[in-house]
Every structure is written in C-alpha cells, then in structure tokens.
Amino acid sequence: SRVFKQHVGASFSEYLRKKRMDEAEGMLIHTDQSIREIALSCGFGSIATFNRVFKEVRNCTPSRYREIYSDFM
C-alpha cells in the first residue's frame, strides 16, 4: 500500500475510484446506455453505491451530469 501510494500519489482505493469515475463520466456523455448499465460495467456493486459516490465526487447525480454535458457533445 505504501509503495503504491508513493508512486501513484493516492491509495489503491482512491485510485480505483478515480478510474471508475473517469470511465463512468465518459460513458454518461458518449453513450446512451442506462445509468445502471454504466454503474455495473464500471465496477460498482450497485446503482445506489454508484449514485452516492458520483454525487460525492461531482456534486450532482449521474442523470443530471448526463443532461448538462451531453448538450455540449
């Protein structure tokens, strides 16, 4: 754990969460998959967990994020 954090700058769980969120954000904008499908394909165990984590990180729900940013694409 310490070696990972020294090299990456974040704990493994923080790193994994960021990677999952980056993937989910891209899929929300660039696909028409359901939020449930996106959550599960990005490694979240449930839609509730995905929604909670997404809101913590982005301060909005995944559906609101999709509404906002899909207008720009």
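The values are calculated or read from the model by the stated rules, or taken from the named source; none is laboratory data. All values reported here derive from a predicted model rather than from experimental measurement. We place every Cβ from the backbone using ideal geometry, glycine too, and count neighbours over all the protein chains shown. We work out accessible area using only protein heavy atoms, side chains counted, and drop any ligands, DNA or RNA first. Shrake-Rupley method; radii C 1.70, N 1.55, O 1.52, S 1.80 Å.
Considering segment 49-73, the residues that are over 17 Å from Lys19 (Cα atoms) and charged (D, E, K, R) include one that is least open to solvent (accessible area, probe 1.4 Å), namely Arg66. Contact map, segment 46-67: residues that are among the hydrophobic types (A, V, I, L, M, F, W, C) paired with residues that are open to solvent by 50 Å² or more (accessible area, probe 1.4 Å) and outside any loop (DSSP other than H, G, I, E, B), Cβ distance under 6 Å, separation 6+ or inter-chain. Pairs shown: Ile47/Arg36.
Cβ-Cβ distances below 6 Å connect the following pairs, each with a first residue in segment 19-44 that is more than 16 Å from Cys60 (Cα to Cα), a second residue that is open to solvent by 60 Å² or more (accessible area, probe 1.4 Å) and of a type in the set (Asp, Glu), and a separation of six or more residues or different chains: Cys42/Glu23. Does segment 25-48 contain at least one residue that is open to solvent by less than 40 Å² (accessible area, probe 1.4 Å) and out of contact with any helix residue (DSSP H, G or I) (no Cβ under 9 Å at 6 or more places or on another chain)? Looking through segment 25-48, at least one residue is open to solvent by less than 40 Å² (accessible area, probe 1.4 Å) and out of contact with any helix residue (DSSP H, G or I) (no Cβ under 9 Å at 6 or more places or on another chain).
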